[in-house]
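Engineer: One structure coming up, written as structure tokens, with questions to follow.
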Amino acid sequence: MAVDSEVQSDRRIGQLLVAASKLSQRDLDHALAAQKQMTDLLGRVLVRLGVVSERDVADALVEQLGIPLVTSDAFPEEVVQVPGVSSDYFKAHRVLPLSCDGAVLRVMMGVPQDLFRRKALALASGLEVVPFLGLESEIEGALDRLYSAQDVEDPDAGDDEAFSGGQAGSEFVEHLKDLASEAPIIRLVNHAVSRVIDLRASDIHIEPYEDVLHIRYRVDGVLVQSEAHPPELAAAITSRIKLLAHLNIAERRLPQDGRIKTRVKGRELDLRVSTLPTVHGESVVMRVLDRSSIRLSLEDMGFSRDTLDGYKAMLDKPHGILLVTGPTGSGKTTTLYASLAKLDAVSMKILTVEDPVEYQLDRVNQVHVQPQIGLTFAHALRSILRQDPDIIMIGEMRDSETAQIAVQSALTGHLVLSTLHTNTAAGAIVRLEDMGVERYLITSSVNGVLAQRLVRTLCTSCRREVPVTEEVWVRSGLVRFAPEGERKLYSAPGCPACNHSGYRGRTSIHELFILDGDAHDAILSGADATTLHNVARKGGMLTLYEDGLRKVLQGVTSLEELMRATHDQINA
């Protein structure tokens, strides 16, 4: 009977996940078949197979059992003493005491429906046991942090010996491989990667410190604290990621870069891996390149109609340079990809030079630079000019040689698209001068500059209208763009759909500097960035902040978010 009850419970969990669209019926059938071989709970089998996340299973258990879920932020900071029960029992059975008050013992369990374990606890402690549900990976991490005995350190031991546990050379490498191949480490890394789908994260940050290992996620451009683990796991986790990215597992003194291709919940993900040695171990950042989420339509990227019309007009020109500027992570490359997707790749030859090639485009010849073998941007550009291209996309203008070749390409009849790291559109012109491009060549080759930022969009599930004082209305500049008689602003308090942040997704804001006659005169006269900016505004350019104000009035984003993203532009 007990076995039949357990099978029915597993099937119930599976059906709840199917009903919540977390799992397909086909995957459930495969998992039930695999469960017979693995002899484990269905939820664990599903997580190990990588078809759902541990949090998905926990949410289904909450619905099935009616037992609350407790996450790591509510875990105790110190060991909770329980009379009659040793720490070995808690570690062996993955039970974390939350509190022990009077006659009640509250515990975290990955399997709270285990009545036998709850009765054993009650008998041993003489207390009433109240179970709470928790993620097994978080419970294990907390148990290791609270109960694992700390090794006594030898103050005279060298750093390498302390890090390697006294093992040297190949022995230590094998030890790292063994650690990285253990099931808990594999589960932890798989869980960290799978969470990017639920969180819509763009980056995973694994950061070792003296007393804790933090895993954080960048969601909509903002880092979110997520998980904390014992620092002893850092070497094993880093080694696991290095193995997946085909990096040198023994090299811990130099930065390394690699790539992982994986499939998570039915979606193809590319992870760009970067490791960096720090005083407490190697910091790892994984940039998530989700091919299914990239938008290759300019119309869907947040352009205002007038800005989009001007930008398309410059794309239609047969030759010249079109620059996209902004800080790292502002969506410059995505804008260039969308621009290439708009162009006619059937009747024109399009070549790109990138570091690295983030997304592969149909009918576009893409070159991945490799400086370690001498294939730099400049070297690749010199070669592709002999490939008879019509349009050239340069991932980034990094040096004077690349800029000079781009200018010569534009002057000889090619349309050149590229990016620069400058804060404003006008700043790109001064940056080209700093790179050694003569002013008369800039006016002859550059068609225009598009500066952009990304701002978080308000969650449509909890967005609501908020009152605004006359002072804010005037001081912010909103009054200039508001239609007569309409003064509406929006905010979002947060809800489950947006993880209580008030924002879900991002859009872009732009300023488009079209080089007309007045701009040419200013450049030739040696004007600085501020003067060029003012000339552009007189010619009709709206600044990033002003374009953002229009999106604030449309309810797309909030005034607070706009100020966060453009605080350096408000007074420009």
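The values are calculated or read from the model by the stated rules, or taken from the named source; none is laboratory data. Since the model is a prediction, treat every value here as computed from it, not as a measurement. Methodologically, a virtual Cβ is constructed for each residue, glycine included, from the backbone with ideal geometry; neighbour enumeration extends over all protein chains shown. Ligands, DNA and RNA are stripped out before the accessible areas are found, and what is left, the full protein with its side chains, is counted by its heavy atoms. Shrake-Rupley method; radii C 1.70, N 1.55, O 1.52, S 1.80 Å.
Engineer: Asp211 - would you say it is open to solvent by 50 Å² or more (accessible area, probe 1.4 Å) and modelled with pLDDT under 65?
Structural biologist: Working: open to solvent by 50 Å² or more (accessible area, probe 1.4 Å): yes; modelled with pLDDT under 65: no.
No, not satisfied.
Engineer: Taking segment 450-497 on its own, how many of its residues are in contact with a strand residue (DSSP E or B) (Cβ under 8 Å, 6 or more places away or on another chain) and within 17 Å of Thr566 (Cβ to Cβ)?
Structural biologist: Qualifying residue count, segment 450-497: 11.
Engineer: Which residues, counting only those in segment 239-275, are loosely packed, with under 14 Cβ neighbours inside 10 Å and outside any loop (DSSP other than H, G, I, E, B)?
Structural biologist: Correct list: Asp257, Lys261, Arg263, Arg267, Glu268.
Engineer: Is there a residue in segment 118-141 that is open to solvent by 40 Å² or more (accessible area, probe 1.4 Å), over 30 Å from Asn499 (Cα atoms) and either in contact with a strand residue (DSSP E or B) (Cβ under 7 Å, 6 or more places away or on another chain) or among the hydroxyl-bearing types (Ser, Thr, Tyr) (or both)?
Structural biologist: yes
Engineer: Would a scan of segment 318-341 turn up a residue that is under 30 Å from Gly555 (Cβ atoms), of a type in the set (Lys, Arg), in contact with a helix residue (DSSP H, G or I) (Cβ under 9 Å, 6 or more places away or on another chain) and surrounded by 13 or more Cβ atoms within 10 Å (Cβ to Cβ)? It would help to see each step written out before you state the result.
Structural biologist: Within segment 318-341, the first condition is being under 30 Å from Gly555 (Cβ atoms), and the residues that meet it are 324-339, 341.
In the following step, the residues that additionally are of a type in the set (Lys, Arg) were identified as 332.
Retained after the next criterion (residues that are in contact with a helix residue (DSSP H, G or I) (Cβ under 9 Å, 6 or more places away or on another chain)): none.
No: zero hits.
Engineer: If I filter segment 428-443 for residues that are closer than 17 Å to Leu512 by Cβ, outside any helix (DSSP H, G or I) and open to solvent by 20 Å² or more (accessible area, probe 1.4 Å), do I get at least one hit?
Structural biologist: no
Engineer: If you don't mind, there's one more thing I want to ask. How about segment 296-354: which of its residues are at positive phi and modelled with pLDDT of 85 or more?
Structural biologist: Gly302, Gly320, Gly326, Gly331
Engineer: Ok, one more. Confirm whether Leu296 is closer than 30 Å to Thr412 by Cβ, more than 18 Å from the chain's Cα centre (by Cα) and surrounded by fewer than 20 Cβ atoms within 10 Å (Cβ to Cβ).
Structural biologist: Values: closer than 30 Å to Thr412 by Cβ: yes; more than 18 Å from the chain's Cα centre (by Cα): yes; surrounded by fewer than 20 Cβ atoms within 10 Å (Cβ to Cβ): yes.
Yes: the conditions hold for Leu296.
For (1) modelled with pLDDT of 80 or more; (2) open to solvent by 40 Å² or more (accessible area, probe 1.4 Å), each residue gets a yes or a no:
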| residue | (1), (2) |
| --- | --- |
| Met1 | no, yes |
| Gln8 | no, yes |
| Ala19 | yes, yes |
| Met38 | no, yes |
| Leu42 | yes, no |
| Gly66 | yes, yes |
| Val70 | yes, no |
| Ala92 | no, yes |
| Leu98 | yes, no |
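Engineer: Take the residues in segment 485-542 that are among the acidic types (Asp, Glu) and open to solvent by 50 Å² or more (accessible area, probe 1.4 Å), then tell me which one is farthest from Glu433 (Cα to Cα). Break it down stepwise before answering.
Structural biologist: Kept after step one, since they are among the acidic types (Asp, Glu), are these residues of segment 485-542: 486, 511, 516, 518, 521, 528.
Checking which are open to solvent by 50 Å² or more (accessible area, probe 1.4 Å) leaves us with 486, 516, 518, 521, 528.
Numbers: Glu486: 45, Asp516: 18, Asp518: 18, Asp521: 15, Asp528: 10 Å.
Per the stated criteria, the residue is Glu486.
Engineer: Working carefully through the options Glu486, Glu471, Glu511, Glu465, find the one that is of a type in the set (D, E, K, R), farther than 30 Å from Ser226 by Cβ and part of a loop (DSSP other than H, G, I, E, B).
Structural biologist: Numbers: Glu471 fails: part of a loop (DSSP other than H, G, I, E, B); Glu511 fails: part of a loop (DSSP other than H, G, I, E, B); Glu465 fails: part of a loop (DSSP other than H, G, I, E, B).
Step by step, each of Glu486, Glu471, Glu511, Glu465 is checked, and only Glu486 is of a type in the set (D, E, K, R), farther than 30 Å from Ser226 by Cβ and part of a loop (DSSP other than H, G, I, E, B).
Engineer: May I pose another question? Restricting to segment 412-466, what's the tally of residues that are farther than 23 Å from Tyr337 by Cα, free of Cβ contacts under 8 Å to residues at least 40 places away in the same chain, touching a helix residue (DSSP H, G or I) at 6+ places or on another chain (Cβ under 8 Å) and of a type in the set (A, V, I, L, M)?
Structural biologist: Of the residues in segment 412-466, 3 are farther than 23 Å from Tyr337 by Cα, free of Cβ contacts under 8 Å to residues at least 40 places away in the same chain, touching a helix residue (DSSP H, G or I) at 6+ places or on another chain (Cβ under 8 Å) and of a type in the set (A, V, I, L, M).
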